Amino acid sequence: MIDVFCDVIDNFGDAGVCLRLCRDFSKKNYEVRLFCNNVNILNKITNSEDASNRFLSLLSWSDKNMDYSPSEVVIQAFSVRLPDNLIKKIKNRHSTVVNLEYLTAEPFAEDCHKLPSYADGFESFFFFPGFTSKTGGVVIEESFLEKLKMAENIKSNCLTLFGYENQKVKTVINALNKENLILNIFEGRGLNNFNNLLNLNLAPGDIYKLNNLTVKVLPMVSQDEYDSYLIDSKLNLVRGEDSIVRAMLTGNPFLWHIYPQEEDVHKDKIEALFDRMSEVCSSKKDVEILRQLTLSYNGFSDYLDSFDLLGFYENWKKLSKEWSEHLISLGSLTDNLITFLKTKTDF
């Protein structure tokens, strides 16, 4: 059995990655318990099969959780800090402990991947998701690959928007408003931002005509449904970690609004992503254009203001497809993690 601990900090992101990983473990017939400090967040993105999945348990935990009995494998996701009583039980059980880190393209991920740590008085191991063969890759389910194959060669006039507060959303919308497109916006901070920028008061279920653009407002949907929207879209405006990974895997063009950090630390993460893309994609020029577009989308320049997004689209599509194929070639984070665990335990 595998235990995964997740401390939800930024709404759906951390919970989303953990849920995908745990669900994928369960599809491979591993029993897994996902302990989350905000089960309500999880419930908003689960699918209809999760409740009846006998290999998957979604459980709440807190500092007062005294009834916990550790499993053979314990995964501490995204720097989660467990209470002392749980740490003591894990130590006494001699569980194999993995510190699943945040996704990053920065070089230190390769350097630190699989290294041991001896914090809290027992051995654990760092495991870094990433974008190269020297990291753990990202979660890629067989069912997702099947969806991609079914959607090949289907042309779409849809866009998705899931983001944070961002002035540049209006710039992008204006640039895309030359074609008859459908913009699917999901409720939350991205919708609030859109309403504020355009002085609107749209809510889930609303449809609004904005010149050539038809805006459809959607409630939060399950991860499977969100994947389908991403796969079926011409362009995806995404945020955080979970949604950017799924958008990249589709092979469709994307713009990423990264979670902002103090002292603009997130700028280094953007730069690192495009450094990795430049290593594997054929057109370095197009990688550089997308780098500048992404930096601008995150408020670091006005590059977007006069850029012809629709004119760049075909090159953008080719670039995105190449990057998707590279990520898929690395194998799934789930499989790579299982392979690693088998070297440390009778897993």
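Relative to the compact globular guide of 2.2 N^0.38 Å, what is the alpha carbon radius of gyration of the chain, as a ratio?
So the chain has a normalised radius of gyration of 1.01.
Mean shadow of the range 142-329, computed from the convex hull of its alpha carbons, in nm²?
Over all viewing directions, the range 142-329 projects a mean Cα-hull area of 10.4 nm².
What residue among Ala15, Ala247, Ala151 shows peak mean-square fluctuation when the chain is described by a Gaussian network model with Cα springs under 10 Å?
Largest GNM mean-square fluctuation: Ala151.
If the limit is 31 Å between Cα atoms, which of Lys44/Lys149; Lys91/Lys267; Lys178/Lys321 go over it?
Lys91/Lys267
If each of Ser283 and His266 carries a label point 7 Å out from its Cα toward its Cβ, how far apart are those two points in nm?
In this crude label model, Ser283 to His266 measures out at 2.7 nm.
Filter the cross-link list Lys168/Lys317; Lys27/Lys147; Lys155/Lys209; Lys89/Lys269; Lys28/Lys216; Lys28/Lys318 down to pairs whose alpha-carbon distance in this structure exceeds 26 Å.
Exceeds cut-off: Lys89/Lys269; Lys28/Lys216; Lys28/Lys318.
Return, for the Cα atoms of the range 60-131, the radius of gyration and Dmax in Å, separated by a comma.
Cα only, the range 60-131: 13.1, 40 Å (Rg, Dmax).
Provide the per-residue ³J(HN,Hα) series for the range 188-195, in order, calculated from phi with Karplus coefficients 6.51, -1.76, 1.60 and θ = phi - 60°, each as a whole number of Hz, with x at glycine and proline positions.
Residue by residue, the range 188-195 yields x, 5, x, 5, 4, 5, 4, 4 Hz.
By DSSP, what percent of the beta bridges with both residues in the chain are antiparallel, rounded to the nearest 5?
Around 15 percent of the beta bridges assigned by DSSP in the chain are antiparallel ones.
Need one word for the range 253-343: rounded, prolate or oblate. Basis is the Cα gyration tensor (sqrt eigenvalues a ≥ b ≥ c); a/c below 1.5 gives rounded, then a/b vs b/c decides.
Cα axes put the range 253-343 in the oblate bin.
Gap in Å between the Cα centre of the range 252-322 and the Cα centre of the range 20-54?
32
Just to confirm the number: angle between the C-alpha axis of helix 333-342 and the first principal axis of the chain, 0 to 90 degrees, nearest 10?
20
Give, as a single signed number, the net charge of other residues whose beta carbon lies under 13 Å from the beta carbon of Ser278, with Lys and Arg counted +1 and Asp and Glu -1.
Local charge sum for Ser278: -2.
Counting other beta carbons within 10 Å of each residue's own, what order do Met1, Met277, Met150 fall into, fewest first?
Met150, Met1, Met277
Projected onto the charge dipole of the chain (+1 at Lys/Arg Cβ, -1 at Asp/Glu Cβ, origin at the Cα centre), which of Gly163, Thr135, Asn184 gives the Cα projection farthest towards the positive end?
The one lying farthest along the dipole's positive direction is Asn184.
Counting only residues 5 or more places away or on other chains, whose amide H sits under 5 Å from the amide H of Asn37 once H atoms are built in the peptide plane?
Answer set, sorted by chain and number: Cys6, Val8, Trp61.
Only bridges whose two residues both fall in the range 142-329 count here: according to DSSP, what percent of them are antiparallel, nearest 5?
20
Taking amide hydrogens as modeled 1.01 Å from N in the peptide plane, which residues meet the under 5 Å criterion relative to Phe186, leaving out close sequence neighbours?
It is Leu161, Leu218, by chain and number.
Counting only the backbone N, which residues of the range 179-208 are under 14 Å from the spot 7 Å out from the Cα of Lys44 toward its beta-carbon?
Output list for this probe position: 186-193, 204.
Give me the aspartates and glutamates in straight-line cross-link reach of Lys114: C-alpha distance below 16 Å, same-chain residues under 8 apart excluded.
Glu101, Glu106, Glu123, Asp335
Since every read-out is calculated from the coordinates, none of them should be taken as a lab result. Everything numeric here is computed off the predicted structure, so don't read it as measured data. Positions of Cβ are backbone-derived with ideal geometry, glycine not excepted, and every protein chain shown enters the neighbour counts.
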